[in-house]
Amino acid sequence: QVQLVESGGGLVQPGGSLRLSCAASANFFSIYAMDWYRQAPGEQRELVAGITSGGSTNYAHSVKGRFTISRDNAKNTVYLQMNSLKPEDTAVYYCRGVLVGIEYWGQGTQVTVSS
């Protein structure tokens, strides 16, 4: 059973930065595609950023240029560096891993951007 554990969320002022981490208890982590999603209250869950096993990345338009997704296969961990945070980035952030069509989700970490 694959487990994903997110950490690094919290309260930050507008313009600030946070780095989220997602640690995976998975064999062959390097071949998983990994994504970060977020869900704000009353909103649908949306894709924020993704990274393939080969290291290719993609981003939602709303975060492009501000967020960076990366992975450290030696540590079985994927990161989301979030800079220039805005109040509209407030949400629960979830990590997702995908391998041969099977999805695994973490429990989420709250990010609140407020002065």
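The values are calculated or read from the model by the stated rules, or taken from the named source; none is laboratory data. Predicted, not measured: the structure shown is a model, and the values here were computed from it. Here the Cβ is made from the backbone with ideal geometry for all residues, glycine too, and neighbour counts use every protein chain on show. Remember, those area values only see protein heavy atoms, side chains included, never the ligands or the DNA or RNA. Shrake-Rupley method; radii C 1.70, N 1.55, O 1.52, S 1.80 Å.
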Any idea which of (1) in a strand (DSSP E or B); (2) farther than 20 Å from Gln107 by Cβ; (3) touching a residue at least 24 places away in the same chain (Cβ under 8 Å) is the one Tyr37 doesn't satisfy? (2)
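Out of the residues in the range 81-115 that are of a type in the set (Ser, Thr, Tyr) and outside any loop (DSSP other than H, G, I, E, B), state the one that is least open to solvent (accessible area, probe 1.4 Å). First the steps, then the outcome.
First, pick out the residues of the range 81-115 that are of a type in the set (Ser, Thr, Tyr): 84, 90, 93-94, 104, 109, 112, 114-115.
Next, only the ones that are outside any loop (DSSP other than H, G, I, E, B) stay: 93-94, 104, 109, 112.
On the way: Tyr93: 0, Tyr94: 36, Tyr104: 51, Thr109: 18, Thr112: 44 Å².
Among them, the one singled out is Tyr93.
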Counted residues in the range 2-23 being at positive phi and either more than 14 Å from the chain's Cα centre (by Cα) or in a strand (DSSP E or B) (or both) come to 2
Val63 is checked against (1) buried (at least 21 other Cβ atoms within 10 Å of the Cβ); (2) not in a loop (DSSP other than H, G, I, E, B) and fails just one. What number does that condition carry? (2)
Just name the residue that is nearest to Ile102 (Cα to Cα) out of those in the range 40-57 that are of a type in the set (Val, Ile, Thr) and in a strand (DSSP E or B). Ile51
Only one of these is closer than 18 Å to Leu18 by Cβ and exposed (fewer than 15 other Cβ atoms within 10 Å of the Cβ): Asp72, Asp35. Name it. Asp72
Residue count, the range 56-69, condition farther than 19 Å from Ser17 by Cα and either modelled with pLDDT under 95 or of a type in the set (Val, Ile, Thr) (or both), comes to 1
I'd like to verify a number: residues in the range 1-32 that are under 15 Å from Val98 (Cβ atoms), open to solvent by 60 Å² or more (accessible area, probe 1.4 Å) and of a type in the set (A, V, I, L, M), how many? 1
